[in-house]
1. Select from region 145-172 the residues that are under 26 Å from Lys242 (Cβ atoms) and hydrophobic (A, V, I, L, M, F, W, C) and write down the one among them that is farthest from the chain's Cα centre (by Cα).
2. Is it true that Ala117 is buried (at least 18 other Cβ atoms within 10 Å of the Cβ), under 30 Å from Gly209 (Cβ atoms), without any contact (Cβ under 8 Å) to a residue 60 or more places away in the chain and small (Gly, Ala, Ser)?
3. Does region 137-156 hold any residues that are out of contact with any strand residue (DSSP E or B) (no Cβ under 8 Å at 6 or more places or on another chain) and closer than 15 Å to Phe96 by Cα, and which are they?
4. Could you count how many residues in region 23-35 are open to solvent by 30 Å² or more (accessible area, probe 1.4 Å), closer than 20 Å to Phe79 by Cβ and either in contact with an Asp or Glu (Cβ under 9 Å, 6 or more places away or on another chain) or polar (S, T, N, Q) (or both)?
5. Could you please let me know if Glu213 is in contact with a strand residue (DSSP E or B) (Cβ under 7 Å, 6 or more places away or on another chain), among the acidic types (Asp, Glu) and either surrounded by 14 or more Cβ atoms within 10 Å (Cβ to Cβ) or modelled with pLDDT of 95 or more (or both)?
6. Just to confirm my filter: which strands (runs of 3 or more DSSP E) fall fully inside region 68-144 and include at least 2 residues that are modelled with pLDDT of 90 or more, within 20 Å of the chain's Cα centre (by Cα) and within 18 Å of Asn200 (Cα to Cα)?
7. Looking at region 49-60, which of the residues that are of a type in the set (D, E, K, R) and under 17 Å from Val124 (Cβ atoms) is surrounded by the most Cβ atoms within 10 Å (Cβ to Cβ)?
8. Among the residues of region 38-48, count how many are in contact (Cβ under 8 Å) with a residue 40 or more places away in the chain and open to solvent by 20 Å² or more (accessible area, probe 1.4 Å).
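The values are calculated or read from the model by the stated rules, or taken from the named source; none is laboratory data. What you see is a predicted model; the values in this text were computed from it and never measured. Cβ sites come from the backbone with ideal geometry, for glycine too, and all protein chains shown count toward neighbours. Note: areas computed on protein heavy atoms with side chains; ligands, DNA, RNA excluded. Shrake-Rupley method; radii C 1.70, N 1.55, O 1.52, S 1.80 Å.
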Amino acid sequence: MRTPQLNSTQSLEVFKAQSITSPCVSCLTKISCLHNNLDVYELARLTAEYTHKFRVKAGDAIFHNGDPIQSIYTVSTGFLKLEFSLSNGQHQVTRFASYGDLIGIDGMADGRHHLDAYALTDGVVCSLNYRRLQDLVQKEPVIQKSIERAMSNELNRTQEHLFSLGSHSVEEKLAYFILELLQKEGGFKSGLSYLHLPMNRVDLKSYLGITVESLSRALTFLEEAKFFRVKNREISDIDYLKLIQFLEITSEEGGRVN
């Protein structure tokens with residue numbers, strides 16, 4: 001994040017006033033969210049115009065399929081799920097979102113959301129007023145760049161998930177997901193070996209494109225192979241180097257290790 005250049009007492013006073021009204025200047029999530037390429041002065045000057053933070057409880061809906069797009073959202077704390085639903089009751093979890101992730105861009109094409117978004121845990125979500133963002137993009141190239149980068153990151157994540165769905169075995173899908181979640185939690189750098197899964201098994205099997213029975217067998221297989229321990233939603237003693245090696249070996253062999 002760049003350091004702001006303030007060249008007068010008046011500018012400093014303006015910056016202080018804007019810092020008070022902006023919810024982003026003191027937010028820890030700013031290093032990984034839509035605004036991670038803005039300096040502190042840009043955060044103070046711009047984000048107060050379109051950003052509003054609100055708390056959510058587990059089970060709260062952020063938006064529904066068919067709702068007109070009023071905002072796009074970044075997750076500050078907590079976990080959310082996004083799912084695609086049909087009128088006959090069928091639904092598929094397409095994404096789990098946590099801190100720094102951008103959601104709601106499904107509504108940008110035609111002005112209406114095509115997914116449902118729900119909070120899996122208590123947390124804080126940042127609402128970015130879509131109309132005000134559109135107005136700012138015309139005047140502030142740095143905002144346009146921020147949105148383009150965030151959308152590109154979301155597209156890359158979607159492509160990676162589609163690859164896993166189409167190319168990995170059940171055990172590989174689960175191993176890949178745990179590694180992805182561990183990386184998101186900073187486990188690779190901190191040596192974290194424990195995760196609490198915020199989603200239930202029904203949502204997890206939907207996201208991985210498998211059955212509940214296959215998920216249970218995969219958890220048992222990986223636990224017996226000493227990749228981690230499982231107790232309800234608690235995943236402990238995670239050997240992430242071993243999981244990485246497992247994915248590399250099975251990719252070379254073209255399937256499951258029996």
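1. Val170
2. yes
3. Across region 137-156, the qualifying residues are Leu155, Asn156.
4. Number satisfying all stated conditions: 1.
5. So Glu213 fails the test.
6. Counting at least 2 such residues, we get 80-85, 91-97, 116-119.
7. First, the residues of region 49-60 that are of a type in the set (D, E, K, R): 49, 53, 55, 57, 60.
If we keep only those that are under 17 Å from Val124 (Cβ atoms) as well, we get 53, 55, 57, 60.
On the way: Lys53: 13, Arg55: 13, Lys57: 10, Asp60: 17.
The qualifying residue surrounded by the most Cβ atoms within 10 Å (Cβ to Cβ) is Asp60.
8. Looking only at that region, the number is 1.
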